[in-house]
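Student: Provided herewith is a single structure, encoded as structure tokens, for subsequent inquiry.
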Amino acid sequence: MDWMIMLAQLLLSLSFLVAVHEMGHLLAAKYFGMRVEQFSIGFPPKLWSFRKGDTEYAISAIPLGGYVKISGMIDESLDSEAMKMPPQPWEFRSKPAWQRLIVMLGGIFVNVIVGIIIFIGITFAFGDTYLLNSEINKLGGIEARPIGKRLGLKTGDKIVKINGKEFKYFDDIMRPQTLLTDNAYYTVERDGQLVDISIPADFIQKFNKKDSARNFIGYRIPPVIGEVAKDSIAGKVGLQKGDVITEINGIHFTYMDQVYEYIKYEAVKRDTITFKVMRAGTLLSFKENFKGRAAIGFIPMEPESYLKSAEVNIEYGFIESIPLGTDRAFQTLKTQVRAFGKVITGVLSPKESLSGPIGIMQAYGAEWNWQRFWSLTGVLSLVLAFMNLLPIPALDGGHVMFLSYEIISRRKPSDKFLEAAQKVGMVFLLALMVFIFANDIIKLF
């Protein structure tokens, strides 16, 4: 059932983004009097269609893109027979180069605008929720998990600076902008000393796997019991939600991570376990057989209950959301371009950094969360705009490249050359798609 929810979100998002992208081409083409033969969401075979005027509007079976077929244009249809006929006034090839350029930029332009609108809408509808880093440090600093430990962080560290600058929100520690910055580093307070922890250039790759962000760092919480497993020591002795573990085998604990660490590496070596809990001001003591056990049998109280002093909720008015959402959209685009540049230069591994439909589907999650859905859709809209602008034949950017050459040189490339370039581009994109799909499957298993 989980995969169906993820797949439904992916298909809805892609269908929406493809529709608005191709609509950008269609509207620009019709504005300049070009005949649009077909508008399709998805690739053939065709599932359903209707005709209005000269245009057939279709929904097709393969939901991994879409296309607009404009008369007299060399595109993925490779309709070379039509190109042998004399040019007609309503055809793409008969129009001035600047009009053809605007048509090819239409889809990219619409994706950027849609991305900006989505970010403005998210900012207005959901506002922001942040955790104050200063309060997290007062609570005891970070809990370093496997990825964080490999970086050099330790549980109890208090991160006080990022790249030499003080910061306000705990969330800034894991932002892509932070992890993609050249020569990035954290400054932590450890045992009264300031220590710099370098962030490797390829460190962001650690966050491409499921639950990897959760395995980086967390915040320390007190050892308060949340839920109790019935068939466990905790269930047997009657531990309750809200009980505070104060001591295990004579050792006092302040944080839940200390409790887990001790049980995992020390308590398991013993046949019996003694522990004390504070309940409504009364100290209770227990002694139980622990042979063959690896846990007492509880999960901690939800961290949110301890973070009210650290949590900041900000709501924005509609007018206020416009510049803020726009800035966030462009910051997101800037981050994606920077990441792509690091892949091209070899700083980041394509295998670790690139995700296809399966990876994107997992990012949506198994629960339908509209804030996450629209946030990812906004990012994808901007990524789609950027990727389509790349000067690769068969992409919009390839057409833009050749049209720019035509405008500057006043020499139009031959139809034969453009058709050959289109074929080369399609082969390249097909190979790239196979690589991304295979990479997704390898990472999945």
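Student: With the requirement that a residue be open to solvent by less than 60 Å² (accessible area, probe 1.4 Å) and assigned to a helix (DSSP H, G or I), what does the stretch 341-351 give you?
Tutor: G341, K342, V343, P350
Student: Here's something else I'd like to know. What single numbered condition from (1) among the β-branched types (V, I, T); (2) open to solvent by less than 50 Å² (accessible area, probe 1.4 Å); (3) at pLDDT 95 or above fails to hold for I322?
Tutor: (2)
Every residue, every condition in (1) buried (at least 17 other Cβ atoms within 10 Å of the Cβ); (2) farther than 24 Å from Y67 by Cα, yes or no:
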{"position": "I358", "(1), (2)": "yes, no"}
{"position": "Q362", "(1), (2)": "yes, yes"}
{"position": "T377", "(1), (2)": "yes, no"}
{"position": "A394", "(1), (2)": "yes, no"}
{"position": "M401", "(1), (2)": "yes, no"}
{"position": "S414", "(1), (2)": "no, no"}
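Per-residue answers, yes or no, for (1) touching a residue at least 12 places away in the same chain (Cβ under 8 Å); (2) loosely packed, with under 13 Cβ neighbours inside 10 Å; (3) of a type outside the set (D, E, K, R); (4) within 19 Å of M278 (Cα to Cα):
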residue: Q193; (1), (2), (3), (4): no, yes, yes, no
residue: I199; (1), (2), (3), (4): yes, no, yes, no
residue: N215; (1), (2), (3), (4): yes, no, yes, no
residue: Y219; (1), (2), (3), (4): yes, no, yes, no
residue: I225; (1), (2), (3), (4): yes, no, yes, yes
residue: V237; (1), (2), (3), (4): yes, no, yes, yes
residue: D243; (1), (2), (3), (4): yes, no, no, yes
residue: E247; (1), (2), (3), (4): yes, no, no, yes
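Student: Let me ask something additional. Considering only the stretch 65-111, how many residues are over 24 Å from L432 (Cα atoms), open to solvent by 60 Å² or more (accessible area, probe 1.4 Å) and at pLDDT below 85?
Tutor: Within the stretch 65-111, residues that are over 24 Å from L432 (Cα atoms), open to solvent by 60 Å² or more (accessible area, probe 1.4 Å) and at pLDDT below 85 number 5.
Student: Let me spell it out: the conditions are (1) surrounded by fewer than 16 Cβ atoms within 10 Å (Cβ to Cβ); (2) closer than 30 Å to L380 by Cα; (3) aliphatic (A, V, I, L, M), and A280 meets all of them except one. Which number is the exception?
Tutor: Checking A280 against (1) surrounded by fewer than 16 Cβ atoms within 10 Å (Cβ to Cβ); (2) closer than 30 Å to L380 by Cα; (3) aliphatic (A, V, I, L, M), the one that fails is (2).
Student: Continuing with the same structure: Which one of the conditions (1) in contact with an Asp or Glu (Cβ under 6 Å, 6 or more places away or on another chain); (2) farther than 30 Å from Y364 by Cβ does L239 fail to meet, given that it meets all the rest?
Tutor: (1)
Student: Identify all residues within the stretch 305-339 that are aromatic (F, W, Y) and closer than 28 Å to Y219 by Cβ; write none if there are none.
Tutor: Y306, Y316
Student: Return yes when T129 is open to solvent by 60 Å² or more (accessible area, probe 1.4 Å), at pLDDT below 95 and in contact with a strand residue (DSSP E or B) (Cβ under 9 Å, 6 or more places away or on another chain) and no when it is not.
Tutor: yes
Student: Quick check on my filter: what residues within the stretch 1-25 are out of contact with any helix residue (DSSP H, G or I) (no Cβ under 8 Å at 6 or more places or on another chain) and at pLDDT 95 or above?
Tutor: Selection gives nothing.
Student: Only residues that are touching a Ser or Thr at 6+ places or on another chain (Cβ under 8 Å) and open to solvent by less than 40 Å² (accessible area, probe 1.4 Å): list them for the stretch 325-338, please.
Tutor: Across the stretch 325-338, the qualifying residue is only G325.
Student: Something else: If you take the residues of the stretch 295-319 that are open to solvent by 70 Å² or more (accessible area, probe 1.4 Å) and at pLDDT 90 or above, which of them is farthest from Y255 (Cα to Cα)?
Tutor: Checked the stretch 295-319; the qualifying residue farthest from Y255 (Cα to Cα) is I319.
Student: Within the stretch 416-435, how many residues are of a type in the set (A, V, I, L, M, F, W, C), open to solvent by 60 Å² or more (accessible area, probe 1.4 Å) and under 21 Å from A97 (Cα atoms)?
Tutor: Qualifying residue count for the region: 1.
Student: Here is a list of conditions, (1) modelled with pLDDT of 85 or more; (2) buried (at least 19 other Cβ atoms within 10 Å of the Cβ); (3) of a type outside the set (D, E, K, R), and N439 meets all of them except one; can you say which number that is?
Tutor: Answer for N439: the failing condition is (1).
Student: Can you pull out every residue in the stretch 45-64 that is closer than 15 Å to L26 by Cα and open to solvent by less than 80 Å² (accessible area, probe 1.4 Å)?
Tutor: G53, T55, E56, Y57, A58
Student: Working carefully through the options M23, M4, find the one that is assigned to a helix (DSSP H, G or I), among the aliphatic types (A, V, I, L, M) and loosely packed, with under 15 Cβ neighbours inside 10 Å.
Tutor: Result: M4 is the single residue among M23, M4 that is assigned to a helix (DSSP H, G or I), among the aliphatic types (A, V, I, L, M) and loosely packed, with under 15 Cβ neighbours inside 10 Å.
Student: What pairs come out if I take residues in the stretch 136-161 that are at pLDDT 95 or above and among the acidic types (D, E) and pair them with residues that are surrounded by 19 or more Cβ atoms within 10 Å (Cβ to Cβ) and in a strand (DSSP E or B) whose C-beta lies under 7 Å away, six or more apart or interchain?
Tutor: Going by the 7 Å Cβ cut-off, the qualifying pairs are D157/I142; D157/A144; D157/V188.
Student: Are any residues in the stretch 137-179 under 14 Å from Y219 (Cβ atoms), open to solvent by 40 Å² or more (accessible area, probe 1.4 Å) and part of a helix (DSSP H, G or I), and if so, which ones?
Tutor: K138, L139, D171, M174
The values are calculated or read from the model by the stated rules, or taken from the named source; none is laboratory data. Being a predicted model, the structure only gives us computed values, none of them experimental. All Cβ positions, even for glycine, are placed from backbone atoms using ideal geometry, and neighbour counts span all protein chains on display. With ligands, DNA and RNA removed, areas are computed over all heavy atoms of the protein, side chains included. Shrake-Rupley method; radii C 1.70, N 1.55, O 1.52, S 1.80 Å.
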